[in-house]
Amino acid sequence: INYWFFKRPSDAEIGQSWYYFRMAEPDFTPLPIYDAMREHTRSATPTLYPGVHQADHWAITAVDPQPLTDSDAQLGDALGLSAATFTAHGTDLWLRWAGDGPLAVTIGDQAATYTAESAGWHTAIIHRSTLPQTISVRIESAESAAPFRLDSVTVADRAGQNVFPLAAALILGGVFVEVTLILALIARRRQR
């Protein structure tokens with residue numbers, strides 16, 4: 001949700017239509033939209049939307065978090081932790097992580113294990129779908145409670161790319177059927 005202004009500095013712009021796209025009066029008196037937005041944000045589940053999100057993002061709940069500075073981390077900082085949970089909304093979801101053992105990932109009631117092929121940072125694609133979905137994710141070390149490092153969670157929405165080939169095929173198929181019917185009608189009229 002986006003809103004134009006929290007408030008304007010004064011009522012000097014009261015004659016402008018955009019002046020009314022605000023949440024509070026110039027003296028900070030809240031308007032009804034302020035209360036509605038406050039209730040919405042309090043009741044909404046913190047969710048990761050498309051983008052690259054650092055491990056310390058407010059929508060990621062980490063267990064035993066230890067902030068780390070790592071020059072090889074995608075955004076310069078990482079988080080040492082024993083487990084994390086979050087909700088994400090998109091078509092593709094991947095993690096950038098490092099650890100001594102495999103990583104257990106649970107999405108809804110589906111569990112999978114991702115193993116490091118070598119030392120250092122790893123990228124694991126943990127979810128793909130044709131259309132955007134809201135999913136709940138839990139990640140933890142698959143072997144004991146050994147901590148792992150989480151660099152980032154990336155969420156993408158590739159619905160357009162996923163649906164375009166299907167839509168194009170349907171359109172081309174429809175055009176082919178239409179052309180075939182027209183040619184059949186022309187041939188039939190010539191036979192009469």
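Before moving on, here are some points about what is shown:
- Dimensionless Rg over Rh [the stretch 50-192; C-alpha; Kirkwood]: 1.33
- In this structure, A59 and A104 have a Cβ-Cβ separation that, at R0 = 22 Å, corresponds to a calculated FRET efficiency of about 0.60.
- Assigned charges on the beta-carbon of Lys, Arg, Asp, Glu; the chain dipole about Cα centre (debye): 1560
- Residue among T154, Q110, G173 farthest towards the positive dipole end of the stretch 88-187, charges placed on Cβ: G173
- Percent of Cα pairs exceeding the 15 Å cut-off, where the set is the stretch 105-172: 65
- The stretch 20-73: Rg to Rh, with Rh as the Kirkwood radius over Cα pairs: 1.18
- For the chain, relative contact order (Cα pairs under 8 Å, six or more residues apart, normalised by length) works out to 20 percent.
- Value of [θ]222 nm, deg cm²/dmol, for the chain, DSSP H segments ≥ 4, -39500 (n - 2.57) each, nearest 500: -8000 deg cm²/dmol
- For the stretch 1-114, projected area of the alpha-carbon convex hull averaged over all directions, nm²: 11.0
- Cα centroid separation - the stretch 28-42 against the stretch 161-192, whole Å: 53
None of the figures in this text is laboratory data; all of them are computed from the coordinates on show. What you see is a predicted model, and the numbers here were worked out from it, not measured in a lab. All Cβ positions, glycine included, derive from the backbone under ideal geometry; neighbour counts span all protein chains shown.
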